[in-house]
Every structure is written in structure tokens, then in C-alpha cells.
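Notes to accompany the following structure.
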Amino acid sequence: MNCDVELPKKPEVVYAEVVGSHDYWFTIGPKGDFMGTQFGKGVLADDIGQTTLYDLAPSQLVLLEPIPVAVEFDDESWVVSFAEANVNASGETFQEAIEMLKEMIAFDYAFFGDSESVLGSGPKNQLAVLRRYVRS
Amino acid sequence: MRRKSNPLTNQVAKDALRKLEAVEIAHSGAHPKYAIYDARGNVLATTSLRHSSTRDIPVRHVKDDLKVSLPFVLDLARCPKDKDDWLKAIGAIPAE
């Protein structure tokens, strides 16, 4: 038996993407080297990754530019965040969390827009960020 | 498989939101949504919970929506902290 096999180092960057109905993870090593693809739930617990939203379907809102999303998984649920606008969501699957995030982005955009005259400073900043990324 | 205990559940979040006098906003979509207001009616935060009949599903995103830490949300739900503490924590009223 060969015991000289070097264990893989923990990847520093993880990129997540939804392709069809699967959650795909593209793992990039410390030097930017491609380390493999996996899909399914629970393969890279505790790692923080990122993905990008290119639409807000089923909402009719239009994206002015792609939305960067931070992704976290902790063995029980996925947490996804559009950090700049402080819009966050979670789900049992990556897909579920992303769908909830899209729903919340559309909700905050509409609700903050309708409530503009009574927004506190936090939501006011959130609306300003959302308007840079989204229009109706 | 290693499991973590996830104390920020739908039920805990609901208790914390009740403490903050959050108002459920009618809106289309699958998830219940809430807004939190100050005494003058200004919107300070929004959040949503996961649609489920299960009380203990994790909703870790709520702490980020409320702009506070996990222990802070737990303290809201379990009583040591109240809405004034949260208003101070987010800078909506001056801290003493």
C-alpha cells in the first residue's frame, strides 16, 4: 500500500453555479488552479464561495448588471447574500436559497421604492444600491 | 456526517421579530416578509422567513438582515434584549 499520497489542501476559493436543476461547485486551488467539479449538497461544508445572478426570474425586473452573491454552506442550510445591498436568504438547497434571494431582491426593490419617503438610512442606502443593479 | 446545531431557527426568528414589532407585509411570493419600523414610522429593516410548517428550520440570513450578530438575535428572542437595544445596535438611536 502506498502511504506517500499527499492529501489535497483545502481550496481557498470556491465558485458555485446553478446549472439546470443541479448545484455545481467549481473548486479553485490556492494558485487559481482548477481542482475539480462536484455537484450536490454538502460537498464543501464551511467553505465560502461566490456566484452571480444574471436574472431575477420569475420577477419581470431587469438587471442592469450581474449581481455578485456570496455563498455559504454549513451542513444544514445554504446562506446566500447580495452583500452590497444587504439582501440575504437561506434554503435547504442552493437552488432554494437562490430563489429566495431573487424574491427578496425584487421585494426590497419594490417595497423600498414605494416607501422611499419614510426610509431609514440603512434601507435608503440599500435602495440606492439596488437601483444601480435593477430597474423595472 | 458532522452536524452543527443551528440555533437561529424559524421559530427563534419569529420570536425576535415579535420583539421588534415587525409587521408582515402582504406581497406575492413564497416567503413571508417583514418590515421593522421606528416610532416615527420609518422603515429600518426588512427580512423574510422560509416557508415551512417546520419550526426548527435554520434561517441564518435573518441576523444579517437585522444587521446584528447571532447572539444578539438569540437575546432578542429569549428576552435579555429589546427593541431599544436593537435600535442602539444599528445606530437608529444614540447608545447611552
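Couplings for the stretch A:127-132, taken from phi via the Karplus curve 6.51 cos²θ - 1.76 cosθ + 1.60 with θ = phi - 60°, read 5, 4, 5, 4, 6, 6 Hz in order; Gly and Pro are left as x.
Residue ranges B:68-76, A:115-123 sort as B:68-76, A:115-123 when ordered by packing (mean number of other C-beta atoms within 10 Å per residue, highest first).
Roughly how large is the A-B contact in terms of buried accessible area, totalled over both chains, probe 1.4 Å, nearest 100 Å²?
Values: alone 8410 and 6300 Å², together 12140 Å².
Answer for the A-B pair: about 2600 Å² buried.
Interface residues of the stretch B:39-58, defined as a loss of at least 30 Å² in heavy-atom accessible area between the chain alone and the complex of all protein chains with a 1.4 Å probe, are B:42, B:43, B:46, B:48, B:50, B:58.
Calculated FRET efficiency, residue A:54 and residue B:23, Cβ-Cβ r, R0 41 Å, to nearest 0.05?
Values: r = 33 Å, r/R0 = 0.80.
Computed FRET efficiency for residue A:54 and residue B:23 comes out at 0.80.
Roughly how tilted is helix B:10-19, in degrees to the nearest 10 and between 0 and 90, from the longest Cα axis of chain B? The helix B:10-19 is inclined about 10 degrees to chain B.
Percent of accessible area on the stretch B:3-75 owned by carbon and sulfur, 1.4 Å probe?
Details: 1720 of 3390 Å².
Exposed carbon and sulfur together represent 51 percent of the surface.
Descending by average beta-carbon neighbour count within 10 Å, the peptides B:47-55, A:59-67 line up as B:47-55, A:59-67, the highest first.
The modelled label-to-label distance for the pair residue A:136/residue A:74, using points 7 Å beyond Cα in the direction of Cβ, is 3.6 nm.
Classify chain B as rounded, prolate or oblate, taking a ≥ b ≥ c as the square roots of the eigenvalues of its Cα gyration tensor: rounded when a/c is under 1.5, otherwise prolate if a/b is larger than b/c and oblate if not.
On the way: a/c = 2.26, a/b = 1.28, b/c = 1.76.
Oblate, because a/c is 1.5 or more while a/b does not exceed b/c.
Counting only other chain Cβ atoms within 10 Å of each residue's Cβ, the peptide B:80-93 averages 1. Taken per residue, the accessible surface of the stretch B:30-96 reaches 48 Å², heavy atoms only and a 1.4 Å probe.
The values are calculated or read from the model by the stated rules, or taken from the named source; none is laboratory data. Note that this is a predicted model, so its numbers are computed, not measured. Heads up, the Cβs are rebuilt from the backbone with ideal geometry, glycines too, and the neighbour counts pull from every protein chain shown. These accessible areas exclude ligands, DNA and RNA; they are computed on the full protein's heavy atoms, side chains included. Shrake-Rupley method; radii C 1.70, N 1.55, O 1.52, S 1.80 Å.
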